[in-house]
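Here is the structure we will look at, set down as structure tokens.
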Amino acid sequence: MTRITGRNFLFVPGPTNVPDRVQRAMMVAMEDHRSSKFPDLSMSVLNDLKKVFKTEDGQVFIFPSSGTGAWEAALTNTLSPGDKVLASSFGQFSHLWIDMALRLGFDVEVQEVEWGEGVPLERTEEALRADSKHEIKAVLACHNETATGVSSDIGGLRKAMDAAGHPALLCVDAVSSLASIDFRMDEWRIDLAVSGSQKGLMLPAGLGILAVSPKALEAMKTAESKRCYFDLADMIAANASGYFPFTPALPMLYGLRESLDIIFEEGLEDVFLRHNYLAEGVRAAVTEGWKLSLCAKNPEWYSDTVSAVMLPDGANGAHVIDVAFRRYNLALGAGLSKVAGKLFRIGHLGDLNELMLMGAICGAEMAMLDVGVDVKSGSGAAAASNYWRSHDPFPKRKASKEEQFYEAHSTGSVQG
Ligand SMILES: *Cc1c(COP(=O)(O)O)cnc(C)c1O
């Protein structure tokens, strides 16, 4: 039976909910992408994306691809076949990036890490120190491993690289962290930052987004990997006057303009605070309400954009997800590869608030009860409610004049 009334509750960690404003902004007639007006749009989104990456020195590129295309652009533009790269593997996405690097002909030194943990800072520093000839040309790191709900400390990784005195490029997958978890390209001296449109940027899939440091642009001059569609040299030449070397995805660019406006209206820092606050409520539902555990091994790894919920032995995550979808019109994320069937994931990134997440929490709980998982009815919602009702999402924000006025008058009725 397919439900035809009510909204589908989309809580996979990408694609995320597209705000109505963004959907409307994308409903445009096609236009000439070589017109004299087009650069207004392209220049404005390219410049404003730099604010989201927190880079002044870097250059941003947009490809009509998904995030995976931006991975390929990052690697082929800066490395030569046979180049050594260092990468850690702790989930499906960090694994897939390594797989791509191998298929592109690089020599990958893989650090296997238990799923549920993140980039191993000490082991990375050791491996870099051991590489006294500086044969490692790049370090690949997945900022937010979407398969396990694990966030890594990229600022810490930069410190580890500095401590080892190693000049490798720092390449970071920010697909499920950009515009939802704090990301500081210049401060952390990230050389290649990869992202996509369908997660924190609240758009459909279809844009691969890449931010490149001056050091990485320099590396491009000697990088011998074959590249054509993803060659940044063609992009740089065309982007200089606001054009693209091929047909850009026009409605997506209009959508991106609108989503950037929404992000700046809320304030980028408040976007991060909201994601943390919403994530804390979900984590309260999982651990305090349902008494289940997260795949992320301890709080330092907790992701503010996705929670992977471990099921007790004997329960099948695929079954929970299927019941949630067919019976309650709720889409949850599946366990991928090694953790298939062992968990389900709740995406909590993008255009969300408390009550939308209450739908996901209640629906996941109902589906778990339906398939016989031993959780207490109503416990997830109660724990999330307790968390959200007792916390201020924007603790550091100064109260506005109106709020100060109402606070000052809140004990008695306001008299005119
Ligand atoms: C979604 C995701 C990707 C893949 O992006 P596509 O847009 O599907 O190509 C890569 N890395 C991470 C961490 C992701 O969450």
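The values are calculated or read from the model by the stated rules, or taken from the named source; none is laboratory data. Values in this document were obtained by computation on a predicted structure and should not be read as measured data. Glycine gets a Cβ as well: all are built from the backbone with ideal geometry, and neighbour counts include every protein chain shown. Only protein heavy atoms, including side chains, enter the accessible area calculation; ligands, DNA and RNA are left aside. Shrake-Rupley method; radii C 1.70, N 1.55, O 1.52, S 1.80 Å.
Some notes on this structure:
- In the stretch 131-155, residue farthest from R283 (Cα to Cα) [restricted to those that are more than 16 Å from the ligand (Cβ to nearest atom) and open to solvent by 10 Å² or more (accessible area, probe 1.4 Å)]: K133
- Cβ pairs under 8 Å, 6+ apart, first in the stretch 291-305 and of a type in the set (S, T, N, Q), second surrounded by fewer than 17 Cβ atoms within 10 Å (Cβ to Cβ): S293/T287
- Qualifying residue in the stretch 108-122 (condition: under 30 Å from W301 (Cα atoms), in the same structural domain as R227 (by TED's automatic domain parsing) and part of a helix (DSSP H, G or I)): yes
- Of residues in the stretch 247-271 being touching a Ser or Thr at 6+ places or on another chain (Cβ under 9 Å) and in a helix (DSSP H, G or I), the one surrounded by the fewest Cβ atoms within 10 Å (Cβ to Cβ): R257
- Test: D304 is modelled with pLDDT of 95 or more and either touching a Ser or Thr at 6+ places or on another chain (Cβ under 9 Å) or over 30 Å from D99 (Cα atoms) (or both): yes
- Picking from residues in the stretch 58-71 that are assigned to a loop (DSSP other than H, G, I, E, B) and open to solvent by 10 Å² or more (accessible area, probe 1.4 Å), the one that is farthest from the ligand (Cβ to nearest atom) is P64.
- Criterion (open to solvent by 50 Å² or more (accessible area, probe 1.4 Å), within 16 Å of the ligand (Cβ to nearest atom), of a type outside the set (A, V, I, L, M) and more than 26 Å from R283 (Cβ to Cβ)) met by exactly one of R103, R123: R103
- With respect to the conditions (1) within 30 Å of E135 (Cβ to Cβ); (2) crowded, with 17+ Cβ neighbours inside 10 Å, F244 lacks only one, and its number is (1).
- Residue match in the stretch 30-41 (condition: among the aromatic types (F, W, Y), outside any loop (DSSP other than H, G, I, E, B) and out of contact with any Gly (no Cβ under 7 Å at 6 or more places or on another chain)): no
- The number of residues in the stretch 301-336 that are under 15 Å from V12 (Cα atoms) and part of a loop (DSSP other than H, G, I, E, B) comes to 6.
- Taken together, S132, S225, S176, S180 contain a single residue that is without any contact (Cβ under 8 Å) to a residue 12 or more places away in the chain and outside any strand (DSSP E or B), which is S132.
- For the stretch 18-27, the set of residues classified as touching a Leu at 6+ places or on another chain (Cβ under 7 Å) and either open to solvent by 100 Å² or more (accessible area, probe 1.4 Å) or part of a loop (DSSP other than H, G, I, E, B) (or both) consists of V18 only.
- Only one of L311, L292, L256, L330 that is under 17 Å from the mean Cα position of the chain (by Cα) and not small (G, A, S): L256
- Elements of type helices (runs of 4 or more DSSP H) in the stretch 337-416, at least 1 residues being surrounded by fewer than 20 Cβ atoms within 10 Å (Cβ to Cβ) and at pLDDT below 90: 401-408
- Exactly one residue among I190, I209 is touching a strand residue (DSSP E or B) at 6+ places or on another chain (Cβ under 8 Å) and away from the ligand (no atom under 13 Å from the Cβ), and that residue is I190.
- Taken over the stretch 72-93, residues that are touching a helix residue (DSSP H, G or I) at 6+ places or on another chain (Cβ under 6 Å) and within 10 Å of the ligand (Cβ to nearest atom) amount to 1.
- Enumeration of residues in the stretch 354-397 that are farther than 20 Å from L278 by Cβ and of a type in the set (V, I, T): V371, V373, V375
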